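So the structure is just underneath, and the comments pick up after that.
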Amino acid sequence: MLATQVVAENSEDVLRREMEVNVFGMLAMSKAFAPVLARNGGGVLVNMLSVVSWYVYPFNSTYCATKHAALAITDGLRIQLRAQGTIVIGVYAGLIDTEMGATLSSGPKTSPRQVAEKTIQGIRSGIEHVVADDSATSLWQATRQDLIKKHADMQARWDQHVAATRVQV
């Protein structure tokens, strides 16, 4: 995954590749397992989403678009599979300590173990939206309480980036 802005020269190609993995791959997996789960009286599908499924971070907005789409698919699956006894869970985290996370930031990251433990707790508790780390908790609240402010914050970050880039040219 590259940190790709929608205005980048290669954004269409990057978006297509990210959609294949984050949306079509997740959908194919869900469609493959749904009938098996139905035959067995239901079960649980867990989709790894992201905090950026709730808002757009302009520096990797193609990835955000795929996670928005993945959230919509997850919500659709949740509604459509409930009658067969299948629970569909979305897991949301900020930066996770993975190869992808390392390419995006040198700052603090959540351990994969913590995300897994929170996910298992969510499955056991019947929680359909697992907020897996502190970053996700604060962003969940921010996007629920004042989405307009969150969008304004992202616009300000982008504008600062553009202004800094112009100065360097």
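The values are calculated or read from the model by the stated rules, or taken from the named source; none is laboratory data. Keep in mind that what you see is a predicted model, and the values were worked out from it rather than measured. Here Cβ is always computed from backbone atoms with ideal geometry, including for glycine, and neighbour counts include all displayed protein chains.
Some points to look at:
- Some residue of region 70-80 being under 22 Å from residue 155 (Cβ atoms) and of a type in the set (Gly, Ala, Ser): no
- So residue 30, is it modelled with pLDDT of 95 or more, of a type in the set (Ser, Thr, Tyr), in contact with a strand residue (DSSP E or B) (Cβ under 7 Å, 6 or more places away or on another chain) and buried (at least 16 other Cβ atoms within 10 Å of the Cβ): yes
- For region 1-27, taking the residues that are within 26 Å of residue 85 (Cα to Cα) and either of a type in the set (Phe, Trp, Tyr) or in contact with a helix residue (DSSP H, G or I) (Cβ under 6 Å, 6 or more places away or on another chain) (or both), the one that is surrounded by the most Cβ atoms within 10 Å (Cβ to Cβ) is identified as 22.
So that you can scan it fast, the table gives a plain yes or no per residue for (1) in contact (Cβ under 8 Å) with a residue 24 or more places away in the chain; (2) assigned to a helix (DSSP H, G or I); (3) closer than 30 Å to residue 159 by Cα; (4) aromatic (Phe, Trp, Tyr):
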position	(1), (2), (3), (4)
5	yes, no, yes, no
13	no, yes, yes, no
18	yes, yes, yes, no
22	yes, yes, yes, no
28	no, yes, no, no
33	no, yes, no, yes
38	yes, yes, no, no
45	yes, no, no, no
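- When 134, 75, 153, 97 are checked against the criterion of being more than 18 Å from residue 46 (Cα to Cα) and modelled with pLDDT of 90 or more, 134 stands alone in meeting it.
- Hits in region 78-88 (condition: at pLDDT 95 or above and crowded, with 20+ Cβ neighbours inside 10 Å): 86, 88
- Search result, residues across region 139-169 that are of a type in the set (D, E, K, R), within 19 Å of residue 50 (Cα to Cα) and out of contact with any Phe, Trp or Tyr (no Cβ under 8 Å at 6 or more places or on another chain): 144, 146, 153
- Among residues of region 131-161, those that are loosely packed, with under 12 Cβ neighbours inside 10 Å and of a type in the set (Asp, Glu), counted: 1
- Residue, surrounded by the most Cβ atoms within 10 Å (Cβ to Cβ), within region 101-121, restricted to residues that are modelled with pLDDT of 90 or more and closer than 21 Å to residue 68 by Cα: 115
- A Cβ distance below 9 Å, combined with a sequence gap of six or more or placement on separate chains, defines the contacts here; from region 156-169, residues that are at pLDDT below 90 reach residues that are not β-branched (Val, Ile, Thr) in the pairs 157/57; 157/58; 157/59; 158/5; 158/58; 158/59; 161/58; 161/59.
- Matching residues in region 116-133 - criterion: being touching a residue at least 24 places away in the same chain (Cβ under 8 Å) and farther than 15 Å from residue 53 by Cβ: 118, 119, 122, 123, 126, 127
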